[in-house]
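Trainee: The structure follows.
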Amino acid sequence: MIMNSNSEKLTKKEIRQVFWRSCQLDSSWNFERQQNLGYSYAMVPVIKRLFKNDSRKAKAALKRSLDFMAITPQLSSLLMGINAAMEEENANNPEFDDSAITAVKTSLMGPLAGIGDSLIVGTLRIIATGVAIGFASKGNIIGPILFLLLYNVPGFLLRYYGLNFGYKYGAYFITNAEKTGIMDKVTYAASVVGLTAIGGMIASYVQLDLSGIKIGSGKFAEPLTKYLDMIMPGLVPLAVFGIMYWLIGKKIKTSNLLLGSVFVCIFISFLVSLF
Amino acid sequence: MLTQSLLIFLLAILGYLNSFFGSSMISRPIVMGMLVGLVLGDLTTGIKVGASLELVWLGAMAIGASNPPDMVSGSIIGTSYVIVTHSSIATAVALAVPISMLMQMLWNLLMIVWVPLLAAKADKYANEANYRGIDRMHYIAVFSQAILLAGLTSAGFFLGSKAIQSFVNIIPSFVNSGLNYAMGIIPAIGFALLVRMIVNKKTACFLFLGFLLVAYLKLSVLGITAFACVLTAILLFNTGHSSSNNQVQEVIDDNEF
């Protein structure tokens with residue numbers, strides 16, 4: 001790379017600005033290009049600094065930043081860091097092909113969003129909820145506080161270090177991480193912990209009170225739940241989970257499933273009230 | 001009532017600005033319920049209602065272009081109603097679910113029509129290298145939506161209590177007990193969605209491990225999470241060096257044993 005005397009370099013200040021601005025990524029979400037406005041907003045300090053003497057390149061960079069974007073917010077700063085490093089090279093190297101920036105952005109956002117959504121929005125959140133909800137359902141304020149801490153401490157650490165990492169190592173790191181299988185290991189570890197927690201939560205928080213139903217007659221009548229518990233405790237919650245899992249596999253929309261459950265439950269309770 | 005409505009408005013703004021503050025999940029019912037409780041002077045009930053609604057909306061999360069129901073308005077109105085009228089938690093669910101769906105429709109409309117308009121204006125500013133213009137479009141998108149949605153939520157709180165009360169009073173008791181059943185099984189939808197997202201043949205057994213640990217040994221979720229972390233460490237570090245990144249290391253290991 002040729003270093004000109006008037007080379008443009010990003011300072012700590014812009015990186016810090018990108019960090020804070022990345023926190024707003026989802027807040028101007030839209031159906032047309034999703035996070036494009038938020039992403040552009042986050043990249044403004046970088047573009048402003050690097051292309052202050054070259055308005056043609058500045059316009060091109062701004063337009064690029066407004067392209068379609070869909071990524072997990074906590075991992076967005078990693079991509080922004082990579083993007084910033086590439087724009088920096090673009091500013092200093094006249095030979096640089098700026099279509100590479102768009103290519104890297106579009107090729108990385110899919111995998112990053114896939115990993116991020118399942119690891120952070122899915123698994124991390126569910127673990128935070130699982131730990132917190134026990135306190136919260138008793139009205140203990142530790143619950144909500146614990147939830148916020150468990151979710152956000154790792155979230156913001158990822159956001160902070162991701163940005164610096166991305167800026168320092170550029171796109172090379174991600175492709176490398178995919179090759180060495182680090183990503184697979186992280187995903188595997190997170191799914192093991194996540195699934196174990198969900199399994200436990202099914203047993204603790206899915207409930208269907210069948211104690212009203214009795215088997216047998218007269219004084220020999222025993223509640224059905226007693227027999228079910230003898231087979232296996234938590235059999236009913238597991239069955240309910242199994243039914244829901246199967247229904248979701250049938251591509252039934254979640255909102256319909258939710259409303260459907262409410263109506264079925266009200267209907268059953270109506271039938272019960274008749275007797 | 002007016003001061004409370006104002007406080008509820010501020011709270012709703014905070015909730016709708018969740019993705020302005022680092023997508024930190026402050027819009028979740030478990031947090032919103034606590035804050036409503038704080039504002040209306042019954043923290044314990046607020047947290048409890050928040051926890052129940054959290055379980056109902058466990059599977060609700062923004063992924064790609066699918067938006068979950070608007071939990072902010074639903075949590076605030078559901079929780080505040082239970083606190084003000086001392087009704088059952090099932091009433092909160094009965095109110096929160098439809099309200100959140102209605103508000104989401106309105107919000108979707110904003111994100112289909114209003115925000116893309118602003119983004120198109122931002123395209124124009126990009127052509128002029130007008131940095132401030134892009135910043136401004138972003139801020140307008142953020143705050144116009146938050147203020148409108150929070151305004152509607154607090155108006156619902158201010159005007160709604162009486163109207164909601166007369167509506168709730170005509171609900172027959174079997175509906176209420178039906179909702180209680182529903183509250184118990186709805187979390188299963190959330191769990192099923194999450195499991196579908198992360199499970200594969202190699203990891204499915206851990207779902208049952210967690211389930212059995214709680215069902216038979218009555219461990220807490222915190223406890224099984226801790227066990228799961230140790231188990232993961234064992235699996236990753238003590239077995240199967242096949243995917244290890246250091247080939248040389250492996251050869252040495254093989255010689256030792």
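The values are calculated or read from the model by the stated rules, or taken from the named source; none is laboratory data. On a predicted model such as this, the values are computed, not experimentally measured, just so you know. Methodologically, a virtual Cβ is constructed for each residue, glycine included, from the backbone with ideal geometry; neighbour enumeration extends over all protein chains shown. Just so you know, the surface numbers come from the protein's heavy atoms only, side chains and all, with ligands and any DNA or RNA stripped out. Shrake-Rupley method; radii C 1.70, N 1.55, O 1.52, S 1.80 Å.
Trainee: Using only the alpha-carbon atoms, how far is helix B:221-237 inclined from the longest principal axis of chain B? Give it as 0 to 90 degrees, nearest 10.
Mentor: Approximately 40 degrees, to the nearest 10.
Trainee: To continue, here is another question. Inside 10 Å of the C-beta atoms of B:218-231, what's the mean count of C-beta atoms belonging to other chains? Spell out each step's value before the answer.
Mentor: Numbers: counts 3, 3, 5, 17, 9, 2, 9, 10, 2, 3, 10, 5, 1, 4.
That average works out to 6.
Trainee: Please average, across the residues of A:224-233, the number of beta carbons from any other chain that are within 10 Å of each residue's own beta carbon, and give a whole number. Walk me through the numbers before you get to the answer.
Mentor: Values: counts 0, 0, 0, 0, 0, 1, 0, 0, 4, 5.
Per residue, the average neighbour count from other chains is 1.
Trainee: Please sort by residue number the chymotrypsin sites (Phe, Trp or Tyr not before Pro) in the range B:51-115 whose DSSP state is loop and whose Cβ has at most 10 other Cβ atoms within 10 Å. Show your work: numbers first, answer last.
Mentor: Numbers: sites: B:Trp57, B:Tyr81, B:Trp107, B:Trp114; in loops: B:Trp57.
In loop regions of the range B:51-115 (DSSP not H, G, I, E or B), there are no sparsely surrounded chymotrypsin sites (Phe, Trp or Tyr not before Pro).
Trainee: Same structure again: Relative contact order of chain B: what whole-number percent is it, with Cα pairs under 8 angstrom and at least 6 residues apart? Please report the intermediate quantities before stating the final value.
Mentor: Details: 236 pairs, mean separation 51.3, N = 257.
Dividing the mean separation by the residue count of chain B yields 20 percent.
Trainee: Please list the non-local residues whose amide H lies under 5 Å from the amide H of A:Met69, H modeled 1.01 Å from N, same-chain partners needing a gap of 5 or more.
Mentor: Under 5 Å from the amide H of A:Met69 lie the amide H atoms of A:Gln35, A:Asn36, each far enough along the sequence or on another chain.
Trainee: Using only Cα atoms, find the angle between the long axis of helix B:173-185 and the longest principal axis of chain B, and express it within 0 to 90 degrees, rounded to the nearest 10.
Mentor: Taking Cα atoms only, the helix is inclined about 30 degrees.
Trainee: Here is a follow-up. Taking θ = phi - 60°, what integer Hz values does the Karplus form 6.51 cos²θ - 1.76 cosθ + 1.60 yield along the range B:101-117, in sequence order, with x for Gly and Pro?
Mentor: Residue by residue, the range B:101-117 yields 6, 4, 5, 5, 4, 4, 4, 4, 4, 4, 7, 8, 9, 6, 5, x, 4 Hz.
Trainee: Where only protein heavy atoms count, and the probe is 1.4 Å, what is the accessible area per residue for the protein assembly as shown in Å²?
Mentor: On the way: 24460 Å² over 532 residues.
Heavy-atom accessible area per residue stands at 46 Å².
Trainee: Next question, about the same structure. Using a 1.4 angstrom probe on heavy atoms only, work out the carbon and sulfur share of the accessible area of the range A:12-197 in %. All intermediate terms of the calculation are to be shown ahead of the outcome.
Mentor: Working: 4470 of 7130 Å².
Result for the range A:12-197: 63 percent of the exposed heavy-atom area is carbon or sulfur.
Trainee: Moving on to the next point. Once phi is turned into ³J(HN,Hα) by the Karplus curve 6.51 cos²θ - 1.76 cosθ + 1.60 with θ = phi - 60°, what whole-Hz value does each residue of the range B:121-129 show in order, with x for glycine and proline?
Mentor: Using θ = phi - 60°, the values come out as 5, 5, 4, 4, 5, 4, 5, 9, 6 Hz.
Trainee: Now for a separate question. Applying a 10 Å radius around every beta-carbon, put A:221-232, B:35-46 in order of their mean neighbour count, most first. If you can, show how the numbers build up before the last one.
Mentor: Working: A:221-232: 12.6, B:35-46: 20.8.
So the order, starting with the most tightly packed, is B:35-46, A:221-232.
Trainee: Could you check which residue among A:Ser55, A:Ser118, A:Ser40 shows the biggest mean-square fluctuation in a GNM of chain A with a 10 Å Cα cutoff?
Mentor: Of A:Ser55, A:Ser118, A:Ser40, the most mobile in the Gaussian network model is A:Ser55.
Trainee: Take every residue in peptide A:142-155, count the Cβ atoms of other chains within 10 Å of its Cβ, and give the average of those counts.
Mentor: Numbers: counts 1, 9, 15, 2, 2, 8, 7, 0, 1, 4, 6, 0, 0, 4.
That works out to 4 on average.
Trainee: Counting alpha carbon pairs within less than 8 Å and at least 6 residues apart, what relative contact order, in whole percent, applies to chain A?
Mentor: Numbers: 273 pairs, mean separation 43.9, N = 275.
Once normalised by length, the contact order is 16 percent.
Trainee: Express the carbon and sulfur contribution to the solvent-accessible surface of chain B as a percent, rounded to the nearest whole number, probe 1.4 angstrom. Each step should come with its number before you reach the end.
Mentor: Numbers: 7930 of 11590 Å².
Percent of accessible area from carbon and sulfur atoms in chain B: 68.
Trainee: Span-like helices, chain A: DSSP H, alpha-carbon axial extent 27 Å or more, mean Kyte-Doolittle 1.0 or greater, which ones? List each step's numbers first, then the result.
Mentor: Working: long enough: A:73-92 (29 Å, -0.15); A:142-169 (39 Å, 0.77); A:182-205 (33 Å, 1.11); A:254-274 (30 Å, 2.08).
Those that clear 27 Å and a mean of 1.0 are A:182-205, A:254-274.
Trainee: What number comes out for the charge environment of A:Ser77, summing +1 per Lys or Arg and -1 per Asp or Glu over other residues with Cβ under 14 Å away? Please list the in-between numbers first.
Mentor: Working: positive: A:Arg16, A:Arg21, A:Lys105, A:Arg159, A:Lys168; negative: A:Glu14, A:Asp26.
After counting each charged neighbour, the total is +3.
Trainee: Am I reading the A/B interface right? What is its buried accessible area, both sides, 1.4 Å probe, to the nearest 100 Å²?
Mentor: Details: alone 17340 and 16150 Å², together 24460 Å².
Summed over both sides, the interface buries about 9000 Å².
Trainee: By what distance, in whole Å, do the Cα atoms of chain A stretch along each of the three principal axes, largest value first?
Mentor: 97, 37, 33
Trainee: Once you've got the Cα coordinates, tell me which of A:Lys13/A:Lys59; A:Lys9/A:Lys185; B:Lys48/B:Lys218; A:Lys251/B:Lys201 are over 31 Å apart.
Mentor: In this structure, A:Lys9/A:Lys185 exceed 31 Å between Cα atoms.
Trainee: Just to be sure I understand: if I project the alpha-carbon convex hull of the protein assembly as shown onto a plane and average over all orientations, what area do I get in nm²?
Mentor: The number I arrive at for the protein assembly as shown is 29.7 nm².
Trainee: Follow-up. Could you tell me the center-to-center distance, by alpha carbons, between the range B:30-80 and the range B:170-233 in angstrom?
Mentor: Centre-to-centre (Cα) distance: 19 Å.
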